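The values are calculated or read from the model by the stated rules, or taken from the named source; none is laboratory data. Everything numeric here is computed off the predicted structure, so don't read it as measured data. Here the Cβ is made from the backbone with ideal geometry for all residues, glycine too, and neighbour counts use every protein chain on show. For the accessible areas, the whole protein counts, side chains as well, though only heavy atoms, and no ligand, DNA or RNA atoms are used. Shrake-Rupley method; radii C 1.70, N 1.55, O 1.52, S 1.80 Å.
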Amino acid sequence: MGNLQVKTMAQYMAEGTHPEILFWVGCAGSFDDRAKRITRAFVKILNHTGTSFAVLGTEESCTGEPAKRAGNEFTFQMSAMMNIQVLNGYEIKKIVTTCPHCFNTLKNEYPNLGGNYEVLHHSQFLQQLIDDGRLVVEGNTFKGRKITFHDPCYLGRGNDVYEAPRAVIRELDADLVEMGRCKQRGLCCGAGGAQMFKEPEPGLKDVNVERTEEALAERPEIIATGCPFCNTMLTDGIKFKNRESEVMVKDFAELIAEAQGL
């Protein structure tokens, strides 16, 4: 993390203190080079706002979501029970994650296995920071620039979170334009259900290309995402269309961090 200030739960426990939130980094945010930039951007914002947070570090393992979506319930429950044991051992109450897949699983599926926590997507937490006056966004960097937002399935239709990401993007003073299919009618990027980890079946067109075309129809400078899976799929779509020199795909945490000069 370079010069970023990141402490583990083990360090907090050794000090006899407890952070405001646990930042659940997730597999993508930990290991995927592109998603690591989203992780760093969010940590920069947390540092900038003086938010007390911790990560699990090497004690964090996959939530088990990809295994569950691929049909392997046994592997999911094994992963989940290990994580719940760690989380409950640290008496975790509030978790924030930059991944809607982790968000949905921790929020809606861990309670059945004994893991009960307040779980927020980072868009919701950023909105809280803004509403509380802890984060004042500088809008000059993106003022008037055209941004369209792609709704992640597990954030939007899965958990009815539509306004928080848009509220955060509006703080940039950008021109937020909606795709024809958005919010409840949004189109999946094609990565869910563990499809991220395999080649697509033969067909007329890959789903991520279809979604990218819908985004490009709005002539944006930036396609904003709130999910590392969506980010990968739309970035691949932009490359497929040979538009990477004209259109950027960025998580809104990256946009906020950039606007703040972090």
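The set of residues from the stretch 166-197 being within 15 Å of LEU234 (Cβ to Cβ) and not in a loop (DSSP other than H, G, I, E, B) comprises GLN195, MET196.
Is it true that some residue in the stretch 27-34 is among the basic types (Lys, Arg) and under 19 Å from GLY115 (Cβ atoms)? For the stretch 27-34, residues among the basic types (Lys, Arg) and under 19 Å from GLY115 (Cβ atoms): absent. Scanning the stretch 206-249 for residues that are more than 11 Å from GLY190 (Cα to Cα), out of contact with any strand residue (DSSP E or B) (no Cβ under 6 Å at 6 or more places or on another chain) and open to solvent by 40 Å² or more (accessible area, probe 1.4 Å) gives GLU213, ALA217, ARG219, ASP236, LYS239, PHE240, LYS241, ASN242, ARG243, GLU244, SER245, GLU246.
Rundown of residues vs (1) open to solvent by less than 10 Å² (accessible area, probe 1.4 Å); (2) modelled with pLDDT under 95; (3) over 26 Å from ALA259 (Cβ atoms), yes/no style:
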position: THR39; (1), (2), (3): yes, no, no
position: VAL43; (1), (2), (3): yes, no, no
position: PRO66; (1), (2), (3): no, yes, yes
position: ARG69; (1), (2), (3): no, yes, yes
position: SER79; (1), (2), (3): no, no, yes
position: LYS94; (1), (2), (3): no, no, no
position: ASN116; (1), (2), (3): no, no, yes
position: SER123; (1), (2), (3): yes, no, no
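Scanning the stretch 149-165 for residues that are at pLDDT below 95, open to solvent by less than 10 Å² (accessible area, probe 1.4 Å) and outside any loop (DSSP other than H, G, I, E, B) yields ALA164, PRO165. Taking the numbered list (1) surrounded by fewer than 19 Cβ atoms within 10 Å (Cβ to Cβ); (2) of a type in the set (Gly, Ala, Ser); (3) not in a helix (DSSP H, G or I) in turn, ALA54 passes all entries but (1). Of all residues in the stretch 186-201, none satisfies being aliphatic (A, V, I, L, M) and surrounded by fewer than 16 Cβ atoms within 10 Å (Cβ to Cβ). Filtering the stretch 48-89 to residues that are within 19 Å of PHE125 (Cα to Cα) and in contact with a strand residue (DSSP E or B) (Cβ under 9 Å, 6 or more places away or on another chain) leaves THR51, SER52, PHE53, ALA54, VAL55, LEU56. Restricting the first member to the stretch 21-49 and to residues that are part of a helix (DSSP H, G or I), and the second to residues that are of a type in the set (D, E, K, R), the beta-carbon pairs closer than 6 Å and six or more apart or on different chains are ILE38/ASP251; ALA41/GLU254. Note on the stretch 1-15: among residues that are open to solvent by less than 70 Å² (accessible area, probe 1.4 Å) and outside any strand (DSSP E or B), the one that is modelled with the lowest pLDDT is LEU4.
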